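Student: A single structure is presented below for examination.
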Amino acid sequence: MTRPFRVAIVGAGPAGIYAADLLTKAERDFEISIDLFERLPTPFGLVRYGVAPDHPRIKGIVNALIKVLDRGDIRLFSNVEYGVDIALEELTDRYDAVVFSTGCFVDASLSLPGVDLPGSYGAAEFVNWYDSHPDVAQTWPLEAEKVAVIGNGNVALDVARVLSKQPDDLHTTEIPDHVYEGLKSSRVTDVHVFGRRGPAQAKFTPLELRELGHVKDVDLIVYPEDFEFDDGSLEAIEASNQTKQVAKTLTDFTMREPVGAKRRLHLHFLHAPVAVLGEDRVMGLRTERMELDGSGGVLGTGTFHDWEFEAVYRAVGYAGTALPQLPFDAGKGVIPNHEGRVVDSDDQVSSAEADVVQGVYATGWIKRGPVGLIGHTKGDALETIGHILDDRAAGVLTEPVYPDEGSIVDLLESKGVDYADWEGYHRVEVAEKVLGEAQGRERVKIATREGMLAEARNHLQPEPVASPASGH
């Protein structure tokens with residue numbers, strides 16, 4: 001093969017960019033050409049739209065991803081939606097291999113009576129709002145004074161922290177005016193976080209948890225009766241430094257005394273949600289008291305408690321969504337695959353036994369489910385690209401019909417797809433920093449698809465014609 005080996009990656013979040021980067025760096029004796037496709041006007045996925053605005057350290061991951069794309073050896077096509085603007089056959093006709101890294105960006109379901117009542121929200125919906133996702137409304141109902149958050153992971157902490165934090169303390173971040181004004185109108189006084197297991201089983205990371213202790217004008221309240229440590233808990237604490245830090249931080253919180261802050265953030269353990277209460281809208285939450293079983297698991301005690309709340313947020317994880325023309329495992333929320341090779345599978349056939357969909361691959365959360373931190377997707381990418389290179393070497397990949405690099409550009413332009421490139425992202429970035437400078441902030445997000453696309457393509461606008469001087 002004298003032409004470049006052509007690879008399309010659908011999804012320009014960390015998983016997709018890591019895969020592209022590792023492919024370019026892989027030991028090989030042939031030229032490679034990689035195109036990234038992203039349905040939003042800007043790349044970076046959940047780093048841009050899933051990380052709380054007051055966590056700039058985590059958002060710093062973007063800087064590493066920018067360096068990868070700044071090299072210029074990977075093309076970006078943003079505002080191109082797979083299944084709408086481009087089909088699988090159109091990709092396989094133009095690329096030797098197609099990798100899906102579309103991630104998980106919707107809420108996992110939670111089967112509880114009353115979970116669909118007005119006032120019951122998925123955490124991902126709220127995160128999309130405060131992170132200014134262009135596909136969500138710019139308003140959010142914040143009339144509730146008492147709020148419940150179901151979940152014991154970092155997303156639950158993010159939601160609880162953003163709800164309880166004073167809006168002016170978030171105004172220094174990149175949030176646009178509509179988010180700031182929305183949070184400023186919030187009537188919340190108390191936010192309660194519920195976990196069904198004990199403190200040693202919480203899935204918080206130590207840094208996220210410690211941050212709660214430094215939120216201004218918020219009383220952090222924990223309940224000593226929730227602090228049980230059975231043999232399984234103690235073994236977990238001894239085996240993991242992270243678990244040890246989380247358990248210690250939570251135990252230290254029990255020593256704190258409320259100081260009469262304007263808002264209160266309550267952490268509850270060993271309370272399993274049973275039902276969302278209410279008839280026409282959320283009026284409360286029923287939980288069952290749990291007890292540890294000796295091995296770190298929990299058993300129900302049959303004792304129930306009804307709490308009064310006007311809103312309930314479900315932070316029980318993300319879920320993958322099915323993609324057109326691809327198999328989908330609805331139970332696991334992933335594209336069925338064997339070590340990254342997509343397979344035509346159903347629930348009765350294991351992924352190792354199913355037929356491989358030749359030339360089609362998966363990586364990141366859509367490959368293995370929404371578990372692990374952002375950096376874990378590097379391991380996924382390494383495994384997947386290893387199989388891509390093996391399949392090329394084995395000669396099992398189908399030759400594309402239109403392998404020329406320009407063929408995808410011709411296709412998108414013939415369809416009238418208003419795509420943006422990597423330079424377009426940099427223009428959006430500059431525009432956001434200009435908005436920030438005007439308010440003494442590092443940057444302010446552009447919150448609409450139209451606004452981002454206008455900035456991305458502003459180099460295409462004709463230069464204004466100077467008016468002739470008058471009076472001479």
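The values are calculated or read from the model by the stated rules, or taken from the named source; none is laboratory data. Here the structure is a predicted model, which means the values were calculated and not measured. No Cβ is skipped: glycine too gets one built from the backbone with ideal geometry, and neighbour counts run over all protein chains shown. Accessible surface is based on the protein model in full, side chains and every heavy atom, while ligands, DNA and RNA are left aside. Shrake-Rupley method; radii C 1.70, N 1.55, O 1.52, S 1.80 Å.
Student: Roughly what % of Cα-Cα distances in the stretch 249-333 sit above 19 Å, to the whole percent? Mind showing how you got there, number by number?
Tutor: On the way: 2294 of 3570 pairs.
It works out to 64 percent of all Cα pairs.
Student: Another question, if that's okay. What accessible area per residue, rounded to a whole number of Å², is obtained for the chain using a probe radius of 1.4 Å? Could the numbers behind the result be given before it?
Tutor: Values: 21550 Å² over 472 residues.
That works out to 46 Å² per residue.
Student: Next question, about the same structure. Measure off, as a whole percent, the carbon and sulfur share of the 1.4 Å-probe accessible area of the chain, all protein chains present.
Tutor: Values: 11030 of 21550 Å².
Whole-percent figure for carbon plus sulfur exposure: 51.
Student: Put a dot 7 Å past each Cα toward the Cβ at residue 185 and residue 87; how far apart are the dots in nm?
Tutor: 4.4
Student: Given a Förster radius of 35 Å and the C-beta distance between residue 410 and residue 67 as r, what FRET efficiency does 1/(1 + (r/R0)^6) yield to the nearest 0.05? Intermediate values should be presented prior to the final figure.
Tutor: Values: r = 30 Å, r/R0 = 0.86.
Approximately 0.70, to the nearest 0.05.
Student: Residue by residue through the stretch 383-395, which ³J(HN,Hα) values in whole Hz follow from phi under the Karplus form 6.51 cos²θ - 1.76 cosθ + 1.60 (θ = phi - 60°), with glycine and proline marked x?
Tutor: Using θ = phi - 60°, the values come out as 5, 5, 5, x, 6, 4, 5, 4, 5, 5, 4, 7, x Hz.
Student: Right, next: How big is the antiparallel share of DSSP beta bridges in the chain, given as a percent to the nearest 5?
Tutor: Numbers: 23 of 64 bridges.
Once the DSSP bridges in the chain are tallied, antiparallel ones form about 35 percent.
Student: Where the convex hull is taken over the Cα atoms of the stretch 240-382, what is its projected area averaged over directions, in nm²? Write down the numbers at each step before the final one.
Tutor: Working: hull surface 58.0 nm².
Computed as one quarter of the Cα hull surface, the answer is 14.5 nm².
Student: Same structure, new question: As a test of the formula, what do you get for the chain when each DSSP H run with n ≥ 4 contributes -39,500 (n - 2.57) and the sum is divided by the residue count, at 222 nm and rounded to the nearest 500 deg cm²/dmol?
Tutor: Values: 17 runs with 152 residues, N = 472.
Helix contribution divided over all residues of the chain: -9000 deg cm²/dmol.
Student: Between residue 216 and residue 255, what's the calculated FRET efficiency when r is the beta-carbon distance and R0 is 22 Å? Round to 0.05.
Tutor: Values: r = 19 Å, r/R0 = 0.88.
E between residue 216 and residue 255, to the nearest 0.05, is 0.70.
Student: Still on this model: Placing one identical point scatterer on every Cα of the stretch 398-454 and ignoring solvent, what is log10 I(q)/I(0) from the Debye formula at q = 0.24, 0.27 Å⁻¹?
Tutor: With one equal scatterer per Cα and no solvent, log10 I(q)/I(0) is -0.95, -1.06.
Student: Quick one: compute the contact order of the chain, relative version, from alpha carbon pairs under 8 angstrom and 6+ residues apart, as a percent. All intermediate terms of the calculation are to be shown ahead of the outcome.
Tutor: On the way: 954 pairs, mean separation 97.5, N = 472.
Reported relative contact order: 21 percent.
Student: If each residue of separation counts as 0.36 nm, what is the full-extension length gain between residue 332 and residue 426 once their alpha-carbon separation is subtracted? Don't skip to the answer; put the middle values down first.
Tutor: Details: separation 94, 0.36 × 94 = 33.84 nm, distance 3.63 nm.
Here the answer is 30.2 nm.
Student: Show me, bin by bin at 5 Å from 0, the whole-percent P(r) of the stretch 1-120 based on Cα pairs.
Tutor: For the stretch 1-120, the pair-distance distribution reads 2, 10, 18, 20, 16, 12, 9, 6, 4, 2, 1, 1, 0.
Student: What share of Cα pairs, in percent, lie more than 41 angstrom apart in the chain?
Tutor: On the way: 28951 of 111156 pairs.
Counting every Cα pair in the chain, those more than 41 Å apart make up 26 percent.
Student: Distance in nm between label sites at residue 228 and residue 434, each 7 Å beyond Cα in the beta-carbon direction?
Tutor: So the two model labels end up 6.0 nm from each other.
Student: Given R₀ = 22 Å, what would the calculated FRET efficiency be for residue 308 paired with residue 280, taking r from the Cβ atoms and rounding to 0.05? Could the numbers behind the result be given before it?
Tutor: Values: r = 16 Å, r/R0 = 0.71.
The pair residue 308/residue 280 has a calculated efficiency of 0.90.
Student: Using Cα-Cα distances under 8 Å and only pairs 6 or more residues apart, what relative contact order does the stretch 232-334 have, in percent?
Tutor: Value for the stretch 232-334: 18 percent.
Student: Ordering 161, 286, 449 from largest to smallest accessible area (1.4 angstrom probe), what's the sequence? Working shown, then result.
Tutor: Numbers: 161 5, 286 85, 449 55 Å².
Ranked from most to least accessible, the order is 286, 449, 161.
Student: Over 18 Å between C-alpha atoms is what I'm after, so list which of 59/445; 146/184; 244/378; 25/67 land there.
Tutor: Working: 59/445 13 Å; 146/184 16 Å; 244/378 26 Å; 25/67 14 Å.
Checking Cα-Cα distances, 244/378 exceed 18 Å.
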